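Only one structure is covered here, and it is reproduced in the block below.
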Amino acid sequence: MNDYRQLATDVVAELKRQGADACDVFVANTTDFSTEVRLGRIEKLEQSISKGLGMRVFKGGAMALTYTTDFADKSVKSIAAQALDIVKVSNPDEFNGLAPRESLGVYDGKLMLFDESIASIPTDRKIDMAREAEEIGMKSDKRITNSNTAGWSDGTYQVTLATSDGFVGQYRTTNAGLYVGLIAEEGGVKQTDSWYSFQRYANKLLTPKEVGLEAARRVTSKLGARKVKSQTVPLVVDPTMAQRMIGAFFGAASGRSVYRKSSFLVGKLGEAIASPLVSIVDDATLADGPGCRPFDAEGVKSSRVPFIEKGVLKSYLCDSYSSRRLKMPLTGTTNRGYQGGPNIGASNLFLMAGDRDPKDIIKSVKSGLYLRTMSAQGFNPVTGDFSHGATGHWIENGEFAYPVQEITIAGNVITAFKNITAVGNDLKFRAGGVASPTLLISEITVGGA
Amino acid sequence: MKRRDFIGRTSMTLAAAAASEAWLTSVLRGQASAATPDIFGTYFGVGPEEMKRLLEICLSRGADFADLFFEHRVASSLFFEEEKVKAASRGIDAGVGVRVVKGDQVGFAFSEDLSMESLSTAARTASAIANDAAAKAKVMPIGLAKLKNLYPIGDLATEADLNRKLGFINEANKTARAYSPKITRVTCSFNDEVKYLAYANSDGVSWTDMQPVFVFSTSCIAEEGTNRQTGYESGGGRIGLEYFAKKRPAADIAREAARLSVTLLEAKDIEAGPMTVVLGPKDSGVLLHEAVGHGLEADFNRKNLSNYSGRVGQRVASDLCTVVDEGLFENMRGTINVDDEGGAPTSTVLIENGILKGYLHDRISAQAMKVNATGNGRRQSYAYSPMPRMTNTYMRPGKSDPEEILKSVKRGIYAKKFGGGQVDITKGDFTFSVNESYLIEDGKLTTPLKGVTLIGNGPDVMTKVTMVGNDLQFADGGWTCGKNGQSVPVGMGIPTCKVSEITVGGSKVKA
């Protein structure tokens, strides 16, 4: 294995030698395997080893970034020289710089980062798990007529960071995932849906049977979907969609969005921006959370950041630049790829579980919408206004009456989150580090026929 | 989740040997050379002998086709806000993708290490998809094809002095700030790249290409009291810095971003529900991309996954609609000299006078469906295998005067600028988000509206196109299409169109 700690510290030294005032070097290297099967046949096998090295240079208060995938000494030195060349067109900014020394460090508590067992899973077994998920899903209901691919993927990801303040850190993680997409048909109308499980540890994955049956349940439950009339009704939010909504709060709380005034949370610090039932945390130290990490992309030691508590916005999420600029605490909540600098990125981001059984939440709704999917676009981060295409189930007298499609939901996220009247007890990380339990929003505008 | 298709704006991502020969010929028919012929030697240090050896390893386990995709990408960016260049960035990604095909099964590996040892390992890894001792496919002698160059460049952005790019940024910044005292923040980005590509496959087809593309964008925030709105505009294409003098000055892009942010300060909510929608020219091409294009990508159709599967020859749109995908427009963002597996780009009629004519193919789907490839096999980079993708998708102009179209609407929405869209291929249900729209009252544009989502079903909405304007225009800027985790640059165009009814995702309910 290449010694990327040494490489990163060598490049830091080289940048200093070439005249950098301060700098950091970030190396990401990955291994990936994936396979896709469809109708029992292997369609694709992919395998790769990949790497990239990025450097961030400060000189005279200005900043530049360069990167390369070629680690030959000559290439790295050339890209280092280019960093010191292009930094000349950059302008000084008094808030630029590395994270303060006292914030740096490697969290030393237990974190479940690397599952050694994944490397020993034979390729045939991986293919079989994808096949099994697909087959069980397809056989579970005769209305399921086609497969939209089942797959297995796994990989390793190693991060190495060195800074001119002497920080050197490295960690590596594993990932594994299983998914299946199915097509169901009734009355000449086709529906598609999928289910998946992505985790750091293979033993935390749902079984192929669980993935297949859940995909089947989801796709068949969409059959017979219709439009509804435009109206204002209570909204029960499926955890998979609730998790997207809390992602919107995370992005808006970014210190960079705040100083740019491109966030609906500008000027809301200390204010109630959600119902008292809502507490949102980003916790990089959650030992078995799929997003845990010992330090962030600036080398800041990991900690638990409860940024919304009982509905009140407690802090913005600040990298060192926005922390200096807004004069607010550094939160150590950044991610990074080799091509760019540190950016706000979630570790384990979740809305804390409530005490309500999700079934009881649905039962409490006389007439309303259960939100299953919504379109990606349609959110304005500056105002918090949203308008999304949606699908789900119509609830009548506490029960799913029929599936709905070709509708929209629209409103403002602060208003919607203030109107949360119940939080489920079903918090679970399904795919990566963002999770939420089921939510009940007392009213939302549904657009339809 | 993996299968969601979307489009967004950057900064806010064979039927046997006969058909294979057909595309080889059309590649070879080109005139001017697209790139310096020594890309193989200069960037990758490999020659025909090494490629032949690697391709032989690929076929050694009985596969019937293999290709090598060499890429050296240089990218550069400048980010400007608060009157300062906040960051300058530059980098190099380089690697080789090795693909081995047996029927419709694909083995794929890539390497960033260009040594023969690493490339041989990648070739062996990819070859594992096949296990057929009886097969005897051979690597044909490799001959370098000359491509017709559809992106002539005067002044390559990625190699230009940064101070010249800064000049365009300063011009945009000044223009946007001067537009209105309500403009409180201006951000400009210059993102450019050039890909040096070299390709060889086991049919003996080989080419090199230089693919440049840039996006210049301006984003503004306008404020009035507590009301805060953003406007965004971008421009660019597979063209050099001559774009600003020849096609569109930086100031024009800035003014457009400023105008949008100030306009939105007056925006009002609209009620939810079905309405008549007039789609403005240019960016409304998003409709074609989502409602038509994705559903016609042949990988979905050969697997019978699309709502358009098996519907060639059937009516899927009103007879006013003729929709084409064409990678041949000079300097356009979605244009390609060659697709990423050696296919010549074509003009493919997807829908003609409302009737479905055909699909967008890559090599595998064309072979599986026994038709000619359409030159739509594209990939994001060396790290991915190709699949059918759009290039520049547009609707042919109709006969109506755009003014007449507006005048025909008593009450409706005029949609002008879009944030993006997405589609459920199987159901055909699409959504797209509108950033700039106006209420139409008695044939005239009145109140600007807050961002709304329009939703509908592909063939259903396309059948409700009741008027098509004579004003076809192509969108400018950084449209990027995402599919199965891969992003590629695309172009789009449309004339003014009237759709008799689309569901509008407003935040009010009609009293």
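The values are calculated or read from the model by the stated rules, or taken from the named source; none is laboratory data. Because the structure is a prediction, the values reported are computed rather than measured. Glycine gets a Cβ as well: all are built from the backbone with ideal geometry, and neighbour counts include every protein chain shown. When the accessible area is computed, the model is the full protein with side chains, heavy atoms only, and any ligands, DNA or RNA have been set aside. Shrake-Rupley method; radii C 1.70, N 1.55, O 1.52, S 1.80 Å.
For A:G340, the criteria (1) surrounded by fewer than 19 Cβ atoms within 10 Å (Cβ to Cβ); (2) farther than 30 Å from A:D115 by Cβ hold in every case but one, which is (2). Where strands (runs of 3 or more DSSP E) fall wholly inside segment B:63-161, the ranges with 2 or more residues that are open to solvent by less than 50 Å² (accessible area, probe 1.4 Å) and closer than 30 Å to A:V89 by Cβ are B:65-81, B:84-102. Within segment B:345-365, being within 16 Å of B:S309 (Cβ to Cβ) and buried (at least 24 other Cβ atoms within 10 Å of the Cβ) holds for B:L350, B:I351, B:Y359, B:L360, B:H361, B:S365.
Candidates B:A254, B:A222: the one that is assigned to a helix (DSSP H, G or I) and open to solvent by less than 10 Å² (accessible area, probe 1.4 Å) is B:A254.
In segment A:249-269 there is at least one residue matching the filter, namely being surrounded by fewer than 22 Cβ atoms within 10 Å (Cβ to Cβ), more than 20 Å from A:F379 (Cα to Cα) and either assigned by TED's automatic domain parsing to the domain that holds A:T331 or not aliphatic (A, V, I, L, M) (or both).
For residues that are more than 14 Å from the chain's Cα centre (by Cα) and among the basic types (K, R), scanning just segment B:379-402, find the one that is nearest to the other protein chains (Cβ to nearest Cβ). Of everything passing the filter in segment B:379-402, B:R396 is nearest to the other protein chains (Cβ to nearest Cβ). When A:D85, A:D128 are checked against the criterion of being open to solvent by 30 Å² or more (accessible area, probe 1.4 Å), at pLDDT 95 or above and within 13 Å of chain B (Cβ to nearest Cβ), A:D85 stands alone in meeting it.
Taking B:N457, is it more than 14 Å from chain A (Cβ to nearest Cβ), surrounded by fewer than 22 Cβ atoms within 10 Å (Cβ to Cβ) and touching an Asp or Glu at 6+ places or on another chain (Cβ under 8 Å)?
So B:N457 fails the test.
Scanning segment A:270-280 finds one or more residues that are modelled with pLDDT of 95 or more and either part of a strand (DSSP E or B) or touching a Cys at 6+ places or on another chain (Cβ under 9 Å) (or both). Pairing residues of segment A:401-420 that are farther than 18 Å from A:G378 by Cβ and within 12 Å of chain B (Cβ to nearest Cβ) with residues that are open to solvent by 20 Å² or more (accessible area, probe 1.4 Å) and basic (K, R), at Cβ distances under 9 Å and at least 6 apart in sequence or on separate chains, gives A:P403/A:K222; A:P403/A:R226.
Taking the residues in segment A:122-149 that are touching a Lys or Arg at 6+ places or on another chain (Cβ under 7 Å) and in a strand (DSSP E or B) as candidates, determine which candidate is nearest to B:S306 (Cα to Cα). The qualifying residue nearest to B:S306 (Cα to Cα) is A:N148. Within segment A:297-345, being farther than 20 Å from A:V168 by Cβ and part of a strand (DSSP E or B) holds for A:R304, A:V305, A:P306, A:F307, A:I308, A:E309, A:V312, A:L313, A:L317, A:N343, A:I344. Residues that are in a helix (DSSP H, G or I), among the β-branched types (V, I, T) and more than 11 Å from every other protein chain (Cβ to nearest Cβ) occur at least once in segment A:12-34. Any residue at all in segment B:75-93 that's in the same structural domain as B:T42 (by TED's automatic domain parsing), over 30 Å from A:Y321 (Cβ atoms) and out of contact with any Leu (no Cβ under 6 Å at 6 or more places or on another chain)? No: segment B:75-93 contains no residue that is in the same structural domain as B:T42 (by TED's automatic domain parsing), over 30 Å from A:Y321 (Cβ atoms) and out of contact with any Leu (no Cβ under 6 Å at 6 or more places or on another chain). What do you reckon, is A:E298 acidic (D, E) and closer than 22 Å to A:L53 by Cα? Yes.
Here is a check on your reading of the model: is B:F474 in contact with a helix residue (DSSP H, G or I) (Cβ under 8 Å, 6 or more places away or on another chain), under 30 Å from B:R379 (Cβ atoms) and buried (at least 24 other Cβ atoms within 10 Å of the Cβ)? No. Those residues that are open to solvent by 20 Å² or more (accessible area, probe 1.4 Å) and either touching a Gly at 6+ places or on another chain (Cβ under 7 Å) or within 11 Å of another protein chain (Cβ to nearest Cβ) (or both), I need them from segment A:218-233; list them, please. Selection gives A:K222, A:A225, A:K227, A:K229, A:S230, A:Q231, A:T232. Checked against (1) away from chain B (no Cβ under 11 Å); (2) at pLDDT 95 or above; (3) under 30 Å from A:G155 (Cα atoms), A:V236 passes all but a single condition, namely (3). Checked against the criterion of being over 21 Å from the mean Cα position of the chain (by Cα) and facing chain B (nearest Cβ under 10 Å), segment A:198-217 has no qualifying residue. Taken over segment A:343-357, residues that are surrounded by fewer than 19 Cβ atoms within 10 Å (Cβ to Cβ) and either of a type in the set (A, V, I, L, M) or within 23 Å of A:T438 (Cβ to Cβ) (or both) amount to 4.
Filtering B:I405, B:I425, B:I413 for residues that are at pLDDT 95 or above and within 14 Å of chain A (Cβ to nearest Cβ) leaves a single hit, B:I413. The single residue among B:E271, B:E326 that is open to solvent by 10 Å² or more (accessible area, probe 1.4 Å) and out of contact with any Phe, Trp or Tyr (no Cβ under 9 Å at 6 or more places or on another chain) turns out to be B:E271. Within segment B:96-104, does at least one residue satisfy the condition of being modelled with pLDDT under 95, assigned by TED's automatic domain parsing to the domain that holds B:S202, closer than 12 Å to B:N201 by Cα and acidic (D, E)? No, segment B:96-104 has no match at all.
Whether a residue is in contact with a strand residue (DSSP E or B) (Cβ under 7 Å, 6 or more places away or on another chain), closer than 22 Å to B:D429 by Cβ and either open to solvent by 10 Å² or more (accessible area, probe 1.4 Å) or not small (G, A, S) (or both) was assessed, and B:V312 passes this test. Taking the condition open to solvent by 30 Å² or more (accessible area, probe 1.4 Å), more than 29 Å from A:M112 (Cα to Cα) and away from every other protein chain (no Cβ under 12 Å), does A:Y370 pass? Here the answer is no, as A:Y370 does not meet what is asked. The residues on offer are B:T426, B:T431, and the sole one that is in contact with a helix residue (DSSP H, G or I) (Cβ under 9 Å, 6 or more places away or on another chain) and not in a strand (DSSP E or B) is B:T426.
Would you mind stating whether A:T160 is of a type in the set (S, T, Y) and either open to solvent by 30 Å² or more (accessible area, probe 1.4 Å) or touching a Gly at 6+ places or on another chain (Cβ under 6 Å) (or both)?
no
Restricting attention to segment B:133-179, and to residues there that are within 30 Å of the chain's Cα centre (by Cα) and basic (K, R), which single residue is nearest to the other protein chains (Cβ to nearest Cβ)? Restricting to residues being within 30 Å of the chain's Cα centre (by Cα) and basic (K, R), the top hit is B:K165.
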